[in-house]
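Computed from the coordinates by the stated procedures, all read-outs in this text should not be read as laboratory data. Only a predicted model underlies this, so the values are computations on that prediction, with no experimental measurement involved. Methodologically, a virtual Cβ is constructed for each residue, glycine included, from the backbone with ideal geometry; neighbour enumeration extends over all protein chains shown.
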Amino acid sequence: MKKLVSAVIFIGFACFVAFAQGGFKNLDDQVLEQNRGKVVVLAVSATWLPLSKQQALLLNRLAKKYASRKDIALYFVTVDSIDPKSKNFASDEQIKEFSTENKISVPILRDTDASTVKRMKVSQLPSFVLIKKDGQITETLSGLSEDNSALEVFFNQLVQKIDLMLTN
């Protein structure tokens, strides 16, 4: 119970800090450069996608699995638009709400015009982008499902690939 309360406080604090800083930080080359020397896992999605909830669940499991490691950085990257006229619009408040509902325990970044994820050749949402310690993209994994057994297979494949990257 104590751990659960601590986790909820941490998640709420992380969301508050990101929001209080004038919104969520943008995914850009600087974020990636700051993590050089670490394996970086980007969970790229949009809050309005139904499968984003399954992705958040897997991302939280990854965060828990690798919590003691200093050589990995995990992020949830939303490509929701900041243009209120866009059908894909989500305000920072809506993203914060999504984060709270799904207990996202990692930093959240925005790529509001999807320019960075396009350069990474992400062609399907939601996806996981795996980036090696030298900054090179290793792989983009997509194909999430609502089926629990398929999600477990996907999670195990993701862990296997991350573990291999961490040992190299």
Item to check | segment 44-105 and segment 129-157: distance between their alpha carbon centers, rounded to Å | outcome: 15
Item to check | Candidate aspartates and glutamates for bridging to Lys38, where Cα separation is under 20 Å - those fewer than 8 sequence places away on the same chain excluded | outcome: Asp28, Asp29, Asp71, Asp134, Glu139, Asp163
Next on the checklist: Taking the Cα centre as origin and putting +1 on Lys and Arg beta-carbons and -1 on Asp and Glu beta-carbons, what dipole magnitude results for segment 44-168, to the nearest 20 debye?
Outcome noted: 340
Next on the checklist: Longer than 26 Å from Cα to Cα, which of Lys65/Lys118; Lys65/Lys133; Lys70/Lys118; Lys96/Lys161; Lys121/Lys161 are they? Say none if no pair is.
Outcome noted: Lys65/Lys118; Lys70/Lys118; Lys96/Lys161
Item to check | Charge context of Leu58, other residues only, Cβ under 14 angstrom, K/R +1, D/E -1 | outcome: +3
